[in-house]
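*Asks:* A single structure is presented below for examination.
Nothing in this text is a laboratory measurement; each read-out follows from the coordinates by a stated rule. These figures come from a predicted structure and were not determined experimentally. Reconstructed Cβ throughout: ideal geometry from the backbone, glycine too, with neighbour counts over all protein chains shown.
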Amino acid sequence: MANSLSKVLRSRLFSNILNQFLLYGFSHILPFLLMPYLLATIGIAKYGLINFAIAFSFYFQVLNEWGFDLSNVRHVVKNRDNPDELSRIFMSILACKTFLLCCSLVVYSSIIIMIPKFRQYELLYILAFVRLIGVIITPYWLFRSMEDMKFVTRISLVVKCLCIIPIFLIVKTKADFEWVMFFFALEALVSGMFAVWIAKVRYGLHYYSVKFTDIKFFFEDSLPFFTSVFLTRVYQTSNTFILGLFCGETVTGIYSAAEKLHNAYASLVAPLINHIFYPYFSRVRNFVRMNKMVFSLIGLNALILVVIYLVSPILVPLFIKTETVHILNYFNLFLLLLLFSMANELIGFPYLGVFGKIKEVKQSTVLASSFYLIGVLLMILFKNINIPNMIYLLILTNVISLVFRGVCILSYRKSFAPK
């Protein structure tokens, strides 16, 4: 038993999962730890402005990702021991992203120049775009596909700490809010450059003269993933941007603070779903065993959320001193969202996907995204956009997707069940 456990702990799979867990979790927990200080120094309004700028740039991030992170896994795995082919894949993806980045820069700059709301804080949005460049050039997709997250995780965590710590030393007043985005941009850019360097050294990557046919192939190959990912991101991440447009910086700041608490929990669960349960379900492919696991996980998640609900009125006021009551109330709504969103994620690609029902997963995403967009348009039309309504809309969106996927499972249960 002890030897088996030791082998598991030393395995590449466990190392990859652990490092992915650290990287993904730390990336969301760090803003959560930074939040109380920023609320106390730059204030809730400027905190909201920073998050609005990041949310605005996020649409361009999704465009530049184009589904490459998902579509390229099979290409990298197939050629993991072929440096020449890996170089072709890497340089082709970099060329695709460079093209998309140039297109994004034209649109992004035009919006900042033409719209007064953006032009007023043009330096902030310029820094947000620099941060975007760092995020885009970072080849995490390559390290994940090679199951080799250890070195890039260590470097990224060190860079994050070194770039975020100065915020506590330099940011002292509301006027210093742009420094926050400066250090966010610095962290992303330095992490991205280090990651590219590590990839070059570890995998023997070299310059490859990219052909037009290469670019065309990878764009077309990733397009199906792009549509699915983009629609999912639309309803998962648009609330901050919409609230910033229609409700102002203070409301956005309150929402962002509550959302950071939500993200801290979600960041701990997401790697488990993507990197533990998905491989486990793929290996088992047993309807009965998978059902038991899914119901157990949903029940455990519900129990944890109840505990968080009970202790949050005691813990949250200890480190959040600004708009505490509002943030706590909205965080409780986010707990309800987590109840449905985690179940929805679990029976998506990890469950239906392993049985080959990817089309149904995409259909549920399209349905949920359409419902979300219609809901937003109706709230704009009736001038009823506020934080509670936006969170309730997210909850209903996840419920619709969850019900659709649940119906699919019931419809196909005979084909899922062992013969």
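*Asks:* Can you pull out the chymotrypsin sites (Phe, Trp or Tyr not before Pro) in segment 194-233 whose DSSP state is coil and whose Cβ has at most 16 other Cβ atoms within 10 Å?
*Replies:* Numbers: sites: PHE194, TRP197, TYR203, TYR207, TYR208, PHE212, PHE217, PHE218, PHE219, PHE225, PHE226, PHE230; in loops: TYR207, TYR208.
Answer in residue order: TYR207.
*Asks:* Taking segment 248-419, how many lysine pairs are there with alpha carbons less than 21 Å apart, if each pair must be eight or more places apart or span two chains?
*Replies:* Total qualifying Lys-Lys pairs in segment 248-419 comes to 7.
*Asks:* What is the pair-distance distribution P(r) of the chain, computed from all Cα-Cα distances in 10 Å bins starting at 0, with each bin given as a whole percent?
*Replies:* So the P(r) values, bin by bin, are 4, 19, 31, 29, 14, 3, 0.
*Asks:* Then there is this: Can you check what the net charge comes to around PRO83, using other residues whose Cβ is under 11 Å from the Cβ of PRO83 (Lys, Arg +1; Asp, Glu -1)?
*Replies:* Taking every other residue near PRO83 into account, the sum is +1.
*Asks:* Turning to a different aspect of this structure: Which number gives the lysine pairs in segment 97-226 that have C-alpha atoms under 23 Å apart and are eight or more places apart or on different chains?
*Replies:* 10
*Asks:* Would you mind putting 96-107, 393-404, 66-77, 250-261 in packing order, based on average other-beta-carbon counts within 10 Å, highest first?
*Replies:* Highest-to-lowest ranking by the protection proxy: 250-261, 393-404, 66-77, 96-107.
*Asks:* How big is D, in µm² s⁻¹, for segment 98-145 by Stokes-Einstein at 25 °C and 0.890 mPa s if Rh is the Kirkwood radius over C-alpha pairs?
*Replies:* 206 µm²/s
*Asks:* Residue farthest toward the positive end of the dipole of the chain, with Cβ of Lys/Arg at +1 and Asp/Glu at -1: which of PRO83, ALA175, GLY356?
*Replies:* Highest projection toward the positive end goes to GLY356.
*Asks:* While we're on this one: Just the number, please: Stokes-Einstein D of segment 11-245 in µm²/s, Kirkwood Rh from C-alpha pairs, 4 °C, 1.567 mPa s.
*Replies:* The calculation lands on 69 µm²/s.
*Asks:* Among ILE44, ALA199, CYS96, whose Cα lies farthest out toward the positive end of the dipole of segment 11-245, if unit charges sit on the beta carbon of Lys, Arg (+1) and Asp, Glu (-1)?
*Replies:* Value: ILE44.
*Asks:* Using the Karplus curve 6.51 cos²θ - 1.76 cosθ + 1.60 with θ = phi - 60°, work out ³J(HN,Hα) for each residue of segment 291-304 in order, rounded to whole Hz, and write x for Gly and Pro.
*Replies:* Values, residue by residue: 4, 4, 5, 4, 5, 5, 5, 5, x, 5, 4, 4, 5, 5 Hz.
*Asks:* Mind checking the dipole of the chain: about its Cα centre, +1 per Lys or Arg Cβ, -1 per Asp or Glu Cβ, Debye to the nearest 20? The partial results should precede the final answer.
*Replies:* On the way: 37 positive and 19 negative charges, 237 e Å.
Dipole magnitude for the chain comes out near 1140 debye.
*Asks:* Right, here's the next one. For segment 196-239 and segment 50-78, what is the separation of their Cα centres, given in Å?
*Replies:* Segment 196-239 and segment 50-78 have Cα centres separated by 7 Å.
*Asks:* If I model a spin label at SER370 and TYR392 as a point 7 Å from the Cα along the Cα→Cβ vector, what separation in nanometres do I get?
*Replies:* Label-label distance for SER370 and TYR392, simple model: 2.4 nm.
*Asks:* About the Cα centre of segment 248-419, how large is the charge dipole given +1 on each Lys and Arg Cβ and -1 on each Asp and Glu Cβ? Please answer in debye to the nearest 20.
*Replies:* On the way: 14 positive and 5 negative charges, 200 e Å.
Using Cβ point charges on Lys, Arg, Asp and Glu, segment 248-419 gives about 960 debye.
*Asks:* Residue farthest toward the positive end of the dipole of the chain, with Cβ of Lys/Arg at +1 and Asp/Glu at -1: which of SER369, SER145, HIS262?
*Replies:* SER145
*Asks:* Please compute the modelled spin-label separation between VAL77 and ILE165, points set 7 Å along Cα→Cβ, answer in nm with one decimal.
*Replies:* According to this spin-label approximation, the distance is 3.9 nm.
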